[in-house]
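Here the structure is laid out as structure tokens; the discussion comes afterwards.
Values quoted throughout were computed directly from the atomic coordinates according to the rules given, and no laboratory measurement underlies them. Predicted model, so just to flag it, every value in this text is computed and none were measured. Positions of Cβ are backbone-derived with ideal geometry, glycine not excepted, and every protein chain shown enters the neighbour counts.
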Amino acid sequence: MRPTYLQVNLAQLRQNLDHIRAKVAPAKVLVVLKANAYGHGVDGVAPFIAPYADYIGVATVEEGIHLRELGIQTPILVMGGILREQLPDFFEHDLTLAASSIDLLTAADQLAESTRRRIKVHLKIDTGMERIGVREYEAEALIEKSLACSQFVNIEGIFTHFANSELEDAQLKKTMVSAAVQLERFQEVLYIYEKRSVPHPSIRHTANSGATLRLPQSYFDMVRPGVLFYGVYPERDIERTIEVRPAMTWKSKVVFSKITKPGRAVSYGSLWQAEAETRIATIPCGYGDGYFRRSTNQGRVIIKGKSYPQVGRVCMDQFMVNAGMDDVGVGDEVTLLGNGIAPEELADWAGTNEYEVMTSISARVPRVFVGGVQ
Ligand SMILES: *Cc1c(COP(=O)(O)O)cnc(C)c1O
């Protein structure tokens with residue numbers, strides 16, 4: 001195996017889920033496994049965690065099909081936007097449709113009725129994200145259509161998604177919609193059912209990680225924590241009302257080590273120069289693995305318990321660190337993330353967020369799953 005790999009602690013993920021569940025009970029938990037389980041490796045995470053999840057959330061139809069091919073039998077909600085021509089896959093693979101328009105719901109209903117096959121549907125209400133879904137002020141028509149669907153269509157859920165749930169009111173800029181306002185709009189939509197004296201869909205859900213941490217009134221019947229399940233908080237100074245820890249450790253090994261003379265610059269663009277003789281160690285990992293090029297001259301790694309700065313341009317397949325005069329040699333283990341290097345740090349070096357750090361770790365990096373046997 002490659003010396004560069006991502007170790008994923010499944011027991012930690014399980015513990016994170018347990019802690020989330022303890023906080024939100026009796027609400028159910030939808031575990032978000034999109035984007036290769038936020039980079040952790042869905043092939044290892046999904047079979048392990050599915051038995052403990054009430055629902056699974058993915059972004060795309062393909063991700064849903066992949067889970068079914070892995071043998072996952074838990075209900076799967078495809079949360080992202082889809083094209084009408086993808087509808088047959090929902091029937092074929094028992095995926096739950098997020099009905100984000102009346103047209104889509106109508107097409108699903110027609111297909112269900114003509115093929116006499118069943119489909120589960122969650123109505124997607126757009127209360128302020130302006131991404132997909134039917135706006136709260138147009139929701140009555142969607143609900144009307146849903147009530148008129150054939151017996152083959154099971155309107156199981158209704159949901160919305162927050163744009164800024166991780167922020168306190170005081171942190172919101174003028175243009176930002178608060179989770180409180182979005183919740184009110186969602187409640188208005190639920191009130192339509194009450195007005196008509198018809199039961200609302202049995203699974204109402206709104207809470208992403210920020211809302212799961214901050215807004216118990218947003219739990220309804222199910223929560224959808226993504227980043228929090230992976231042990232990372234959606235905002236640096238958010239109140240940590242649920243204790244979780246990251247489950248990934250990105251490791252590599254020194255493949256080359258030499259003393260560089262003053263005046264010799266390291267890597268493309270010669271962006272870093274040694275002032276005195278110093279040991280430069282080469283790590284076989286680069287932006288082709290998802291170690292951001294933007295973190296050039298800003299990153300750090302840990303070798304034998306000590307922190308060393310990343311120097312020179314991060315290349316596609318390798319980067320260098322300045323090991324000073326320390327005894328750092330070929331084969332020494334290197335930690336790129338985890339064990340004292342937080343995802344927040346990598347995010348800062350590259351001017352991005354923790355979500356992007358995790359989901360960017362490329363397919364070239366093997367995932368090694370530990371802690372899976374309970
Ligand atoms: C990705 C996603 C989530 C999870 O978001 P986090 O911020 O990671 O908790 C929840 N709901 C929907 C619809 C999503 O697309």
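Numbers for the structure displayed
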quantity: Selection status of Leu147, surrounded by fewer than 17 Cβ atoms within 10 Å (Cβ to Cβ), touching a residue at least 40 places away in the same chain (Cβ under 8 Å), farther than 17 Å from Gly57 by Cα and touching a strand residue (DSSP E or B) at 6+ places or on another chain (Cβ under 9 Å); calculated: yes
quantity: Residue tally, condition touching a helix residue (DSSP H, G or I) at 6+ places or on another chain (Cβ under 9 Å) and among the aromatic types (Phe, Trp, Tyr), over the range 295-325; calculated: 1
quantity: Only listed residue being among the aromatic types (Phe, Trp, Tyr) and away from the ligand (no atom under 16 Å from the Cβ), chosen from Tyr193, Tyr233, Tyr219; calculated: Tyr193
quantity: Some residue of the range 13-32 being in a helix (DSSP H, G or I) and closer than 21 Å to Ile119 by Cα; calculated: no
quantity: Residues satisfying the stated conditions in the range 63-93, i.e. within 16 Å of the chain's Cα centre (by Cα) and not aliphatic (A, V, I, L, M); calculated: Glu63, Gly64, Gly80
quantity: Residue selected from the range 23-36 under the condition out of contact with any strand residue (DSSP E or B) (no Cβ under 7 Å at 6 or more places or on another chain) and without any contact (Cβ under 8 Å) to a residue 40 or more places away in the chain, by the criterion farthest from the ligand (Cβ to nearest atom); calculated: Pro26
quantity: Test: residue in the range 225-245 that is acidic (Asp, Glu) and buried (at least 18 other Cβ atoms within 10 Å of the Cβ); calculated: yes
quantity: Some residue of the range 81-104 being closer than 24 Å to Pro343 by Cβ, polar (S, T, N, Q) and either surrounded by 23 or more Cβ atoms within 10 Å (Cβ to Cβ) or within 16 Å of the ligand (Cβ to nearest atom) (or both); calculated: no
quantity: Exclusive hit being within 16 Å of the ligand (Cβ to nearest atom), touching a residue at least 24 places away in the same chain (Cβ under 8 Å) and not hydroxyl-bearing (Ser, Thr, Tyr), set Glu333, Glu344, Glu356; calculated: Glu344
